[in-house]
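Working notes for the structure below.
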């Protein structure tokens, strides 16, 4: 379905709405804004499980097929980390990033899945002079448009 088809169908339903007061006339841009907001809310419901079925993304075949065309796999480029945490790597997230589904870190030519954790949990994996963590499963956390990964290896890019 094209944007023009969606706009036409929206305007038909908007005109048919059974209400006593009149609706304001909307510009095409305002309609696009309303539809974008509704689209993002629907995607959010499908991903988070805040829906009638209480099913999160990938919990069953229907939830997968509902938004499978929106899920994309991308490689992230490592950025230079100027911090004092030697086992941390910084990755730039894709420009069209909306929700985190999963991530994998390349370790000795093998891809190892990473676990998304909170900032508080991530601090337990920071390598310092007092803390030398053994990280069996790499962890990651997100800040802004960057993904931070913590692994047992020290700054190997």
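Scanning region 73-82 for residues that are surrounded by 10 or more Cβ atoms within 10 Å (Cβ to Cβ) and over 16 Å from residue 105 (Cα atoms) turns up just one, 81.
Taking the stated definitions as given, is residue 52 free of Cβ contacts under 8 Å to residues at least 60 places away in the same chain, assigned to a helix (DSSP H, G or I) and outside the structural domain of residue 104 (by TED's automatic domain parsing)?
Against the criterion (free of Cβ contacts under 8 Å to residues at least 60 places away in the same chain, assigned to a helix (DSSP H, G or I) and outside the structural domain of residue 104 (by TED's automatic domain parsing)), residue 52 does not qualify.
Identify all residues within region 127-144 that are closer than 20 Å to residue 102 by Cα and either at pLDDT 90 or above or loosely packed, with under 11 Cβ neighbours inside 10 Å (or both); write none if there are none. Walk me through how you get there before you give the answer.
Initial filter on region 127-144 (closer than 20 Å to residue 102 by Cα): 135-144.
136, 137, 138, 139, 140, 141, 142, 143, 144, listed by residue number.
Given the residues 46, 62, 37, which is the only one that is modelled with pLDDT of 80 or more and either exposed (fewer than 11 other Cβ atoms within 10 Å of the Cβ) or touching a strand residue (DSSP E or B) at 6+ places or on another chain (Cβ under 9 Å) (or both)? Break it down into steps so the answer makes sense when it comes.
On the way: 46 fails: either exposed (fewer than 11 other Cβ atoms within 10 Å of the Cβ) or touching a strand residue (DSSP E or B) at 6+ places or on another chain (Cβ under 9 Å) (or both); 62 fails: modelled with pLDDT of 80 or more.
Answer to the check: 37.
Of all the criteria given as (1) surrounded by 12 or more Cβ atoms within 10 Å (Cβ to Cβ); (2) over 16 Å from the mean Cα position of the chain (by Cα); (3) closer than 30 Å to residue 8 by Cα, the one not satisfied by residue 67 is (2).
The values are calculated or read from the model by the stated rules, or taken from the named source; none is laboratory data. Quantities reported herein were computed from a predicted structural model and do not represent experimental measurements. All Cβ positions, even for glycine, are placed from backbone atoms using ideal geometry, and neighbour counts span all protein chains on display.
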